[in-house]
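What follows is a single structure, written as structure tokens, with notes after it.
The values are calculated or read from the model by the stated rules, or taken from the named source; none is laboratory data. What you are looking at is a predicted structure, and each value in this text was computed from that prediction instead of being measured. A quick note on method: Cβ atoms are made from the backbone with ideal geometry, for glycine too, and the neighbour counts reach across all protein chains shown.
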Amino acid sequence: MTTPDHLLDVEHLTMRFGGLTAIDDVSFGAADRQISAIIGPNGAGKTTLFNCLTGFYKPTVGRLGLRRGSKTLLLERMEGFRIAQQAGVARTFQNIRLFPGMTVLENLLVAQHTALMRASMFSLAGLFRLPVFRAAERAAVDFARFWLDRIGLLDRADWDAGNLPYGDQRRLEIARAMCTRPVLLCLDEPAAGLNPRESADLNELLLYIRNEQKTAVLLIEHDMSVVMGISDRIIVLDYGRKIADGTPSAVRNDPVVIRAYLGEEETDEIPPEIAAEIGVAAKRP
């Protein structure tokens, strides 16, 4: 049963591919209006978990409960497109998936396609440009322009999205997801390939989404400056199993987490590159 303060409850999630168990009996909750991060070494099962949440995979075992008002929607029983439309779950991917030949503005209007189709009465009102459709169209453009202004791309609304610099494309993809008006935003490595300034801009955007848009964020990320800087809670996976779950400070100093990243028994010295990745001191007391 979904915990009252949780937007999402993942219970005993297991995903098998033949003889390979990618996710092994994982349970956790994500609170509403908070940023929850999922971290772990490569191959820990993070993206597989996202694929189960968003309908790309049907889990072998488990319950994925999303609370919407007085109802709990079971995501594992829903088709992928309904998870986006009815449950209000939006996501981005490790690799950017914009429409590069469309303009920046058009990419955000595409995200509002469902609302526009309803307003068009599935083409009739749109074909004859009835007032109800024109009003919905103006609202969609205004909403898209609001997000373009928020991410600093309003002056490039007419650019082809594929011509934007990489960091701008990352922010545009998040803005496109927000144009679906989600209750849960799932981001798969949004800081991948960003420089330190762009990572700082990303942190600011995600905090705005949490604090001002009141949207819960579930984040997969390897950049610990992002994870430790903005997360309310961190879940750590290793070989498909949950090994830690708590606040950033608790996870940062968890010896089980440190061993998972080191791949060996604890030592007095932590290699600097590992320490930087998980955000701990190179020497432990």
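Remarks
- Count of residues meeting criterion [over 16 Å from the mean Cα position of the chain (by Cα), surrounded by fewer than 23 Cβ atoms within 10 Å (Cβ to Cβ) and either among the basic types (Lys, Arg) or assigned to a strand (DSSP E or B) (or both)] in segment 231-246: 7
- Just one of the listed residues (37, 87) is small (Gly, Ala, Ser), within 18 Å of residue 218 (Cα to Cα) and assigned to a strand (DSSP E or B), namely 37.
- Filter result (surrounded by fewer than 19 Cβ atoms within 10 Å (Cβ to Cβ), of a type in the set (D, E, K, R) and in contact with a strand residue (DSSP E or B) (Cβ under 6 Å, 6 or more places away or on another chain)) within segment 42-66: 63
- Taken residue by residue, segment 153-167 has no member that is under 22 Å from the mean Cα position of the chain (by Cα) and of a type in the set (Lys, Arg).
- For segment 181-230, a residue qualifies if it is surrounded by fewer than 20 Cβ atoms within 10 Å (Cβ to Cβ), among the hydroxyl-bearing types (Ser, Thr, Tyr) and either under 12 Å from the mean Cα position of the chain (by Cα) or not assigned by TED's automatic domain parsing to the domain that holds residue 45 (or both), but none of them does.
- Exclusive hit being outside the structural domain of residue 157 (by TED's automatic domain parsing), modelled with pLDDT under 95 and not in a loop (DSSP other than H, G, I, E, B), set 67, 82: 82
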